[in-house]
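Comments concern the structure below.
The values are calculated or read from the model by the stated rules, or taken from the named source; none is laboratory data. None of the values given here were measured: they were computed from a predicted structure. Because the Cβ atoms are built from the backbone with ideal geometry, glycine has one as well, and the counts that use them run over all protein chains shown.
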Amino acid sequence: MANRHASAIKRNRQNDKRRTRNRIVLSKVRTEVRKVREAVGSKDAGAATTELKTAIKELSKAASKGILHRNAASRRIARLSKQVAALSRAS
């Protein structure tokens, strides 16, 4: 817990709120990315493309909120897209 300064107590409260919000968003991102990878692993091109759309949406949201760096989000999107594209070409 923070010291007895009012500003330190408020800052601690704000940090807790932000940490909770960030964890929720990151959890959504991880879940969507996992769904894409599972679809790619099961060689289901249709499901992979639909899951990729939702994953891109969540990654972009996280980047716009500052939870993920925009280049990191872009890199993840590119890698997932590459995997889905390779799967589509193969089938």
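Checking the conditions here, which among Arg37, Arg19 is basic (Lys, Arg) and without any contact (Cβ under 8 Å) to a residue 40 or more places away in the chain?
Arg19
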Q. Taking Asn12, is it farther than 26 Å from Ala86 by Cα and surrounded by 15 or more Cβ atoms within 10 Å (Cβ to Cβ)?
A. no
Q.
Considering only residues that are closer than 25 Å to Asn71 by Cβ and over 12 Å from the mean Cα position of the chain (by Cα), which ones fall in segment 16-34?
A. Arg18, Arg19, Arg21
Q) Can you name the residue in segment 76-91 that is modelled with pLDDT under 95 and of a type outside the set (S, T, N, Q) and is also surrounded by the most Cβ atoms within 10 Å (Cβ to Cβ) among such residues? A) Leu87
(Q) Suppose the filter is in contact (Cβ under 8 Å) with a residue 24 or more places away in the chain, in contact with a Leu (Cβ under 9 Å, 6 or more places away or on another chain), in a helix (DSSP H, G or I) and surrounded by 15 or more Cβ atoms within 10 Å (Cβ to Cβ); does Ala73 pass it? (A) no
(Q) Taking the condition of being in contact with a Lys or Arg (Cβ under 8 Å, 6 or more places away or on another chain) and either among the aromatic types (Phe, Trp, Tyr) or without any contact (Cβ under 8 Å) to a residue 12 or more places away in the chain (or both), how many residues in segment 41-63 meet it? (A) 1
Q. With respect to the numbered conditions (1) in a helix (DSSP H, G or I); (2) free of Cβ contacts under 8 Å to residues at least 24 places away in the same chain, which one is the sole condition not fulfilled by Gly66?
A. (1)
Q: Check segment 9-32 and report whether any residue there is in a loop (DSSP other than H, G, I, E, B) and at pLDDT 95 or above.
A: no
